[in-house]
Structures are given as C-alpha cells and as structure tokens.
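Let me begin by presenting the structure, written as structure tokens, before commenting on it.
The values are calculated or read from the model by the stated rules, or taken from the named source; none is laboratory data. For clarity, every value in this text was computed on a predicted model and none was experimentally measured. Cβ sites come from the backbone with ideal geometry, for glycine too, and all protein chains shown count toward neighbours. These area figures cover heavy atoms from the full protein model, side chains too; ligands, DNA and RNA do not enter into them. Shrake-Rupley method; radii C 1.70, N 1.55, O 1.52, S 1.80 Å.
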Amino acid sequence: SGDSTALSSSQPPDLGESGGGGRLSSLSWCCRLWYLGASQLRGSLASLREEYYYVPRYLLGYGLWDAANSGLVTLSTSFLIFHLGFTPTELPRFLFLALLFAIPAAQFSPLLMKYLGLQRSLEFMLAFGAATTGSFAFVTSKAVAYGYGCLFGCLLGGIFPLQRFAFAEIIPGGREVEMFGLFAFAGQSLGWAPPLVFIILNQSSDGNLQ
C-alpha cells in the first residue's frame, strides 16, 4: 500500500527548471516531460539540419526502404495465398525459410564489410535487394516461391546489420540513444504507405498482384 500511495502522489518528480523559467514550475510533471522532450527534439533537429545534414537524408532513405520492404511483404504474402494457393500451413514454412536464411546472411555482413568496406557493402546489398524484388516476376509455382523466400531472407539478414552500422558511423557521438530513437521512428513514419500502395495496385491491375 505504501508503493501505491507513492505512485498516486500528486507531487511531480524534480525535472529542473533550466530552459523553462517560471513556465515549467506552473506545469504538471507530465506536461514538463512533454515540454522538455519537445525542446530537446527541436534542438536536435536544428543541429542535425545545420551540422549533420546527411543524417536526415539517411533517415529519409531508410524510411522509404522500410516502407518499400513492408509493401513487398504485404503484396507477396497476398500473392502466395490468393494466386499460388498457399495453405495456412504452407505460408509459415515460407516465412520460416526466410528467417532461417536471414541468420547466416547476418553473420556474412561483417565479412562483406571486411573486404568491401561499409559503403560498398551497403550498396551491394541494395543492388541485391533490387534484383531479389525483380526476381519475384518468376515466382510461378510453390517450389519457386520457397526459393524466393530463401533469397528474401538473405536480403533481410544481410542488410539489417549494415544499415545500423552505417547509421552508427554518421551520427554525432554521445547522442546514440536519441539518434537511434529517430532511426526507429523513421522506419515507422511511412507505415501508412504500403496499405495505400497495395490498394492502388490491386485496383489498377485488376487483382493481378504479381
């Protein structure tokens, strides 16, 4: 009961009043958190725009890639079910193969960086991703679909570590937690795009998902 009394106390935590003057002292502790967080975010975005202009560009590129990847997963899953006739037990096998091949691909990324360097390794995986996406045009049977699942797993397992290695190299030191919070936000910021693209493509192609 002592803990519940402490939790229900109306006394706000000591967040300090630096940067807020008398305004902070008149706000509730929840509003103080929002105020300080918004102030920190505004300052961070300003510094990124002026001193680290390449970080927002990278975040934009990552957000577009993540949205495209989500759209591919959505469309390919629907294609496997409605056009190739995958059953509820066969679809998990496809996903399991993708996850299984992602493991050795992730272990391959450091070796790739050792010989090609970080930038060329990332460029190589992006080119491999474009080729993998284009190869979906040849998925005409369940057997070929399983092979495509292996390729897709290699793509995801290989590119995920490289994206994070590259981002860690370009962000300002001492602000890693904040920057990776923005990185996670960038990956979710365009989450609305894949469903919209799915609807548009499905309507314009008369249901031909491939």
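Available extension along the chain between ARG120 and THR133 is 2.7 nm, counting 0.36 nm per residue and deducting the alpha carbon span.
Charged side chains reduced to their Cβ positions (Lys and Arg at +1, Asp and Glu at -1) give segment 56-144 a dipole of some 140 debye around its Cα centre. Dipole magnitude for segment 22-181: about 200 debye, using +1 per Lys or Arg Cβ and -1 per Asp or Glu Cβ, origin at the Cα centre.
Kirkwood hydrodynamic radius of segment 131-193, from the reciprocal of the average inverse Cα-Cα distance over all distinct pairs: 14.2 Å. Paramagnetic label reach from ARG164 (point 7 Å along Cα→Cβ; backbone nitrogen cut-off under 17 Å): within segment 41-59, residues 59. In the full protein context, segment 32-111 carries 61 Å² of accessible surface per residue, based on a 1.4 Å probe and ignoring ligands, DNA and RNA. Take the alpha carbon gyration tensor of segment 102-163, find the square roots of its eigenvalues, order them as a ≥ b ≥ c, and report rounded if a/c is under 1.5; if not, report prolate when a/b exceeds b/c, else oblate. Taking the square roots of the gyration eigenvalues as a ≥ b ≥ c, segment 102-163 is prolate.
Starting from the coordinates of the alpha-carbon atoms of segment 86-210, obtain the Kirkwood hydrodynamic radius over all distinct pairs and give the value in Å to one decimal.
16.7
Heavy-atom surface analysis with a 1.4 Å probe gives segment 69-210 a carbon and sulfur content of 70 percent of its accessible area.
Among the chymotrypsin sites (Phe, Trp or Tyr not before Pro) in segment 104-210, those placed in a DSSP loop whose Cβ has at most 10 other Cβ atoms within 10 Å are TRP192. A Förster distance of 25 Å, applied to the separation of the beta-carbon atoms of ARG175 and LEU36, puts the FRET efficiency at 0.95.
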